[in-house]
Structures are given as structure tokens and as C-alpha cells.
1. Please go through the stretch 311-345 and give me each residue that is more than 23 Å from L387 (Cβ to Cβ) and open to solvent by 70 Å² or more (accessible area, probe 1.4 Å), ordered by number.
2. Mind listing just one residue for me: the one in the stretch 168-182 that is open to solvent by 60 Å² or more (accessible area, probe 1.4 Å) and β-branched (V, I, T) and, of those, farthest from F146 (Cα to Cα)?
3. Find all pairs meeting these conditions: Cβ atoms under 9 angstrom apart; at least six residues apart or on different chains; first residue within the stretch 453-467 and at pLDDT below 75; second residue open to solvent by 100 Å² or more (accessible area, probe 1.4 Å) and not basic (K, R).
4. Within the set of pairs 6 or more residues apart or between chains, which connect a residue that is closer than 23 Å to Y82 by Cα inside the stretch 100-125 to a residue that is part of a helix (DSSP H, G or I) and hydrophobic (A, V, I, L, M, F, W, C) with Cβ atoms less than 6 Å apart?
5. Looking only at residues that are among the basic types (K, R) and not in a helix (DSSP H, G or I) in the stretch 401-431, which one is surrounded by the most Cβ atoms within 10 Å (Cβ to Cβ)?
6. Condition test on R362, is it basic (K, R), assigned to a helix (DSSP H, G or I) and either under 24 Å from D280 (Cβ atoms) or open to solvent by 30 Å² or more (accessible area, probe 1.4 Å) (or both)?
7. Counting just the residues of the stretch 144-185 that are assigned to a helix (DSSP H, G or I) and of a type in the set (A, V, I, L, M), which one comes out farthest from I33 (Cα to Cα)?
8. If W295 passes every condition in (1) of a type in the set (F, W, Y); (2) in contact (Cβ under 8 Å) with a residue 24 or more places away in the chain; (3) surrounded by fewer than 17 Cβ atoms within 10 Å (Cβ to Cβ) but one, which one does it miss?
Amino acid sequence: MSNHSSQCHSHIISVQPLSEYSDASATMLLKPITPAGTTRYSKSTNIHFYHTIIPRGSIGASSSLDARKKWSSYPHPEGQLYFKAGFSNYDVVTEANIHRQETEIQVANCLKFIDDTIFQQQIVVPPSSELFIELDESPSSCAYYFVNHDARRIFWLEQISTELLDMGTIVSDSHLDTALQRLYWVHVEFFPMHIYAEVSPQVVDDLIGVMSHGAADRLTSRSSTFPYTAEKCSQLLQLLSLQRGRPLDGHTLCFVARLWGAIENQRFMTYYGQEHAQLDRLQIMTPEEDMDHPWVKAIANPILWGIPDRYFSELHDLFANEQVFVDQWQIFMTTCNSEWHTAVVWTFPVIIATILSCLLSRASMSSALPSILSASGSLATGSILLLKHQGLQDATASFAARYLRAAKSRSIGMLPSAIVFSLPKGLYLWSIVFMVAHFLLLASHVVGGLAMFAGACFLILLVWAALYVTSPDEYDQSSILSKLLCRWHSLQGDPQGLGSSV
């Protein structure tokens, strides 16, 4: 999960704190953040280890600090401790350790400051609200957001731009509501242990309906926009079905909120409920800029046997609308690694055969050099790509998005990556061509140049015919071979020559 708090800190409120712990001359800074922008997963670890003496008898009395200050502590299912306190206007949750006196004082200052801000600006806080505060390194500032549990939205005490909160661009007010609802579920996921009794079990039934439709959509469409695969939906539905009809507990609410957050995030990304919703994974929702320097692609594509064009298309579809579906990324990276590995393995026979041929009489090292260099280039680039991309087939969608965003050129898009990815296979194919040419040159010294020229023409004709037959749609449909292929299809029971459809 990315940390966007640094982007949110530029918008602050400054007033004089009225807390009993504060210096009246100090200034408190209040910084709006979102649940996705907290430092929950990026805190610096500084654990102090020690041994202690265990007293006689049973222990388990509640902390006097918690009882005195009305703070309750809850361990999150992941293990993170958080604290909750109920006040007259709203509840408060924080991951700051209230057991430390200096932290308690800083939290009290923040709460007093927020109360004063609400009073001075006459802000009406909904009755079902909950405040989250996160302490900064500076004792005179803290970050915050409010949650409205009835509306399932988050809000702040002042106007603030979605850009400063790193929430993404919106197309309507209802689109903004989707973003705020997604952030609400992120908050519930982080703080589920004290609120589960107030959440209706209907959220589980609703989630089962959404997941069931998502599974069916994935099974019946190759370009579904649902974030989970059919297999994963099936596994999640089994877990959800176990909780159906039961009262919610904190652990169940935690993973239910996580799933709702993922679904709401995907709805936001695909403009769910908007006038122009994204109904297909490959549907481009915003105009794309024309690629600069098209000559680069025009040159690289024929040199590397058309492979860059295929990679360019796959990378473009993989990162359509700058969204990444993790299952598509895994398929793509697995295919890439397999292709690079195959190219690396098959370069060794080419290098060995070419070098051994140079030991023959009348052999020329100069004619063998292109094949050896091409094969060596394939071996080098393939090995580097395998090393750099080892394990990336198991990467998360967020990592894949960062990878592709960094790889995308502003002027020529994904073409640099497409060319580099094509090098192992493209150079391997050139090494085959140069090796065959080298062998024909050696044979010409034995049978004569004219015979070898005829043999070379025969090989070229065989290669052309193989390419022609395997890709008839790419050629002129009025040619003799195309007519023969259409005739063959008609004999097989397809009078239109279109073949069978799947």
C-alpha cells in the first residue's frame, strides 16, 4: 500500500491550542489525510527488548491508564495495537501508544485543538462520526480524518482538493462518493475490532452477490473488469458463505471490509455507475496521444522479425488506462520468462555447431562470426532479462503498475520495453539465418556455387510457404495459395472458408 501522506501535508490549519498540556504560545498544525495515506505499513521499527519478573498468581488486570482516561485498546487481526475512546460528539481511534505519557499528552493536545476548531468554525459533526488521528514527528502537528459510519464516507473539517489527498481525478459527484466509500472501507479494515457490533451482517450478503456476479463475469468474459479471477472468487465465496447468517465479529469484518475496499476501488477506476462506464478491460477511456518517432517502430519491427509489434500490443493492453490486472500480469511475465529461457537454451547448440564447423577445411571464421555474435547477443540479453525479471510473475498489481509506469516512455510509449523484450528471440532467429548461410557457404566449396544458390532459393521458398500458410489473413486473399486454402476449407465443410469458430 502506497503512502501518500507527504502529498497531503501541504494543506494545514493553524490555531492556538487550548489543551491543559500545551504551551499557549505554541501553534498546532492539523493535516488532512486519507485512510490509504497513513503510515500504518511504513512505520520505522524500534522495539526495546528486555527481561522482567513475573509476579505470583494470575495477572490480567486492565491498565489503570486505560480505565482513567477511558481509552480501550484493541489488537487488530494482523497484530497492530490501536486505541479507541468515546467522547460526547464522536469516537476517537489512533494507533499512537496511549500508554506512553508523552504520547498521551500529544494526543490530548490534538483532540483539544480539533474540538476548538469545531467550536470556532461552528462545524456540525454527524452523530455516528469517528475521528482518526496520527501523530507526526513534530509534537505540534497531527494528521486526521473523520468517518461517518451511517453514510459510509470520510470527511474533513475544511475544504481540500482531491489532488492533495492523492485520490485521483473524478468525473462527477457520485464518482467522488465512490472514492470516499472506498476509503471508508479501508478505515473499517484497519479498525474493525470495536465497531463490528454496529455493522449490519447484510454487508456479507451483499458482498456474496457482488462476488458471485464477478465470478460469472470472469468465467464468461476474457476482458472482465472485475478485480478477482474466477478461481479466487470461488475461494473467497467459500469463506464468505461460512459467515452468512452469523453475527459479525472483528476478524470477519476485517476481511469483508478489505474485499469491499478492493471492489469500490475497482468501481472508481472503471467509472462504475457513471454515464461512460468502462465495460471492458481493454476499453480505452481517455484519448491516447499519438506516438512520436514512428520510424523507430518501423525500423525495429522488421529487423527483429515483427516481435516488437507483438510485445508492444501486449504491453499496451496490459497497461490500458494505466490499470493492471494481476492475473494478466502474471500470464504475461510467465510467457516472457518462458520465451527468454527457450532462446537462451537454444543459443548454445547454434554457437557450438558454428564453432565446430570452423574446424573443417576451407572454413572461414569471418562467415561464422555473424552467427556467433547474434547467438551471443541472444544469450546475453536473455540472461539479463531473466535475471532482472526473476520472480516478477508473482508480483502484486501495485508493483506491476509502478514497473510499467516507469517503463513507459512519454514519446514512444512501451516501445523501448517491447524492443528489449524482443532481443533474445530476434537475435536467436538471426543466428539461425547466419548459421545456415555459413553452412551453405561451406557446402558451396564442395558441390559448387550454382547448386548452393538453387538450394538457398529452395530453403527461402519453404520458409515463405510456411509463413504464408500459417498466416493467410495477412496476405492477399486473391492469390493462388489463398484460393487453394479456401478450397481446402470448403472440402472440410466450411463453404465460406472461415474455419470453425470458438
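1. E322
2. V171
3. Going by the 9 Å Cβ cut-off, the qualifying pairs are L467/E474.
4. Going by the 6 Å Cβ cut-off, there are no qualifying pairs.
5. Initially, the stretch 401-431 is screened for residues among the basic types (K, R), giving 402, 405, 408, 410, 425.
Applying the additional criterion that residues be not in a helix (DSSP H, G or I) yields 408, 410.
Details: K408: 17, R410: 7.
Within the stretch 401-431, the match that is surrounded by the most Cβ atoms within 10 Å (Cβ to Cβ) is K408.
6. Values: basic (K, R): yes; assigned to a helix (DSSP H, G or I): no; either under 24 Å from D280 (Cβ atoms) or open to solvent by 30 Å² or more (accessible area, probe 1.4 Å) (or both): yes.
In short, no.
7. At the first step, the residues of the stretch 144-185 found to be assigned to a helix (DSSP H, G or I) are 173-185.
Going one step further and asking which of them are of a type in the set (A, V, I, L, M), we end up with 176, 179-180, 183.
Numbers: L176: 16, A179: 14, L180: 12, L183: 11 Å.
Among those residues, the one meeting the criterion is L176.
8. (2)
The values are calculated or read from the model by the stated rules, or taken from the named source; none is laboratory data. Owing to the predicted nature of the structure, the values given are computational and were not obtained by experimental measurement. When we count neighbours, we look across all protein chains shown, and the Cβ atoms used for this are built from the backbone with ideal geometry, even at glycine. SASA here: full protein model, heavy atoms, side chains in, ligands and nucleic acids out. Shrake-Rupley method; radii C 1.70, N 1.55, O 1.52, S 1.80 Å.
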